[in-house]
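Participant: For reference, the structure I am asking about is given below.
Where a number appears in this text, it was derived from the coordinates with a stated rule and is not lab data. Predicted, not measured: the structure shown is a model, and the values here were computed from it. Here the Cβ positions follow ideal geometry from the backbone for every residue, glycine too, while neighbour counts run over all protein chains shown.
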Amino acid sequence: MSVLPHNSHDCLGCEFQSPLFSHLSNEELGTVRENRLSVVFNKGEIIRKQGTHLSHIIVISTGLAKVYIEGSNGKNSIINIVKPVTFVGGPGIFLDQIHHYSIAALIDTRVCFIDINVFKHLIDTNKQFANNILKNFSQMMLNIYNRLINLTQKQMAGRMADALIYLFDDIFVSSKIDSSISKQDLAELSGMAKESAVKILRDFHNAGYISISDNEILLLNSEVLKRVSRTG
């Protein structure tokens, strides 16, 4: 982990600025700039730990990170994968100021931490910004509901197909998933043990849906994979 100089980049016109901040005035962006910290986390480092005090809002500026819940049995469940430029909030902002999930860097990742009091002030004083935050939270909750339905109603093959389609279509926007996503990550994303995940991935590979190598997973047959997702 390395903390960048305070003036390492300016919020005004920043190429890594979250769309949620597009309705802030120059003065408001200046306030954000004066109350934020930019930090680079190395691959595998914990960005935020579940159960810790929530003092800052997190924006993923560059890189890739996973958001996950740590279960009492030692098993993790990945809620989603976040890429630039993503705002990472949570219920703790407005309830108890506690992080209810952990965030870890999947590759070297730059994060902007914004003081929570500044964030709340912007919500109180800027209606468009508040509306954007509400929409963002609503979309996040809808995604979690849909994932919960899939995890509880589908068999393992359907859950793995969902996880792969999510990564291909929404995260990498490509027919290739690179080595930043491990087999363990795929298991935690699809709600199964790593051994089961590896077996299903091998079955998909042998069936010609995907091609697996040491460094990547290639999509070979999108239609069949989507059919497996639908049939569960």
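Participant: Apply 1/(1 + (r/R0)^6) to the Cβ-Cβ distance of residue 35 and residue 108, taking R0 = 30 Å, and write down the FRET efficiency to the nearest 0.05. Before the final figure, lay out the partial values.
Facilitator: On the way: r = 25 Å, r/R0 = 0.82.
For residue 35 and residue 108, the calculated efficiency is 0.75.
Participant: About the Cα centre, and with charges only on the beta carbon of Lys, Arg (+1) and Asp, Glu (-1), how big is the dipole of the range 154-231? Nearest 20 debye, please. Let's see the in-between values first.
Facilitator: Working: 10 positive and 11 negative charges, 70 e Å.
So the dipole magnitude of the range 154-231 works out to roughly 340 debye.
Participant: Now a separate question. Which of the peptides 157-164, 106-113 is most tightly packed, and how do the rest follow, judged by the mean count of other Cβ atoms within 10 Å per residue?
Facilitator: On the way: 157-164: 24.4, 106-113: 20.2.
Most protected by this proxy first, the peptides run 157-164, 106-113.
Participant: Also: Under the Karplus relation 6.51 cos²θ - 1.76 cosθ + 1.60, θ = phi - 60°, what is the ordered set of whole-Hz ³J(HN,Hα) values for the range 46-58, x standing for Gly and Pro?
Facilitator: Each residue's phi maps through the Karplus curve to give 7, 7, 8, 9, 4, x, 8, 5, 9, 9, 9, 7, 10 Hz.
Participant: Here is a further query. Which cross-chain or sequence-distant (5 or more) residues have an amide H under 5 Å from the amide H of residue 106, H modelled 1.01 Å from N in plane?
Facilitator: Under 5 Å from the amide H of residue 106: 44, 64, 65, 66.
Participant: Which of the peptides 185-192, 91-98 is most tightly packed, and how do the rest follow, judged by the mean count of other Cβ atoms within 10 Å per residue?
Facilitator: On the way: 185-192: 23.2, 91-98: 13.0.
Order by mean packing, descending: 185-192, 91-98.
Participant: Can you spot the aspartates and glutamates whose alpha carbon is less than 20 Å from residue 127's alpha carbon? Ignore those fewer than 8 places along the same chain.
Facilitator: Within the straight-line cut-off, residue 127 pairs with 27, 28, 115.
Participant: Moving to a separate point now. Counting other beta carbons within 10 Å of each Cβ, put 47, 116 in order, fewest first.
Facilitator: Exposure proxy ranking, most exposed first: 116, 47.
Participant: Still on this model: When the chain is treated as a GNM, springs tying every alpha-carbon pair under 10 Å, which of 114, 149, 171 comes out with the largest mean-square fluctuation?
Facilitator: The residue with the greatest mean-square fluctuation here is 149.
Participant: Counting only residues 5 or more places away or on other chains, whose amide H sits under 5 Å from the amide H of residue 56 once H atoms are built in the peptide plane?
Facilitator: 116
Participant: Taking square-rooted eigenvalues a ≥ b ≥ c of the alpha carbon gyration tensor, is the range 150-232 rounded, prolate or oblate, where a/c under 1.5 means rounded and, failing that, a/b exceeding b/c means prolate? Let's see the in-between values first.
Facilitator: Values: a/c = 1.34, a/b = 1.15, b/c = 1.16.
Cα axes put the range 150-232 in the rounded bin.
Participant: Aspartates and glutamates within cross-link reach of residue 176: Cα-Cα under 17 Å, excluding same-chain residues under 8 positions apart?
Facilitator: Correct list for residue 176: 162, 185, 214, 216, 223.
Participant: Follow-up. Using the number of other C-beta atoms within 10 angstrom as an exposure proxy, rank 62, 86, 52 with the fewest first.
Facilitator: If I rank by nearby Cβ atoms, fewest first, I get 52, 62, 86.
Participant: Calculate the spin-label point distance for residue 77 paired with residue 117, positioning each point 7 Å from the Cα along the beta-carbon direction, and give it in nanometres.
Facilitator: Once both label points are built, they end up 3.6 nm from each other.
Participant: Considering only the other residues whose Cβ falls under 10 Å of the Cβ of residue 185, what net charge follows from Lys and Arg at +1 and Asp and Glu at -1? If you can, show how the numbers build up before the last one.
Facilitator: Working: positive: 66, 183, 194; negative: 188.
Every neighbour counted, the sum reads +2.
Participant: Identify which of the listed values of Cα extents along the principal axes in Å was calculated from the structure shown: (1) 47, 43, 31; (2) 45, 39, 30; (3) 57, 33, 32.
Facilitator: (3)
Participant: Note the full-extension length gain between residue 224 and residue 143 as 0.36 nm times their separation in residues minus their Cα-Cα distance, in nm to one decimal.
Facilitator: Details: separation 81, 0.36 × 81 = 29.16 nm, distance 2.31 nm.
Taking 0.36 nm per residue and subtracting the Cα distance, the gain is 26.8 nm.
Participant: Packing-wise, with mean Cβ within 10 Å as the measure, how do 200-208, 131-139 rank, highest first?
Facilitator: Working: 200-208: 15.6, 131-139: 14.0.
Highest-to-lowest ranking by the protection proxy: 200-208, 131-139.
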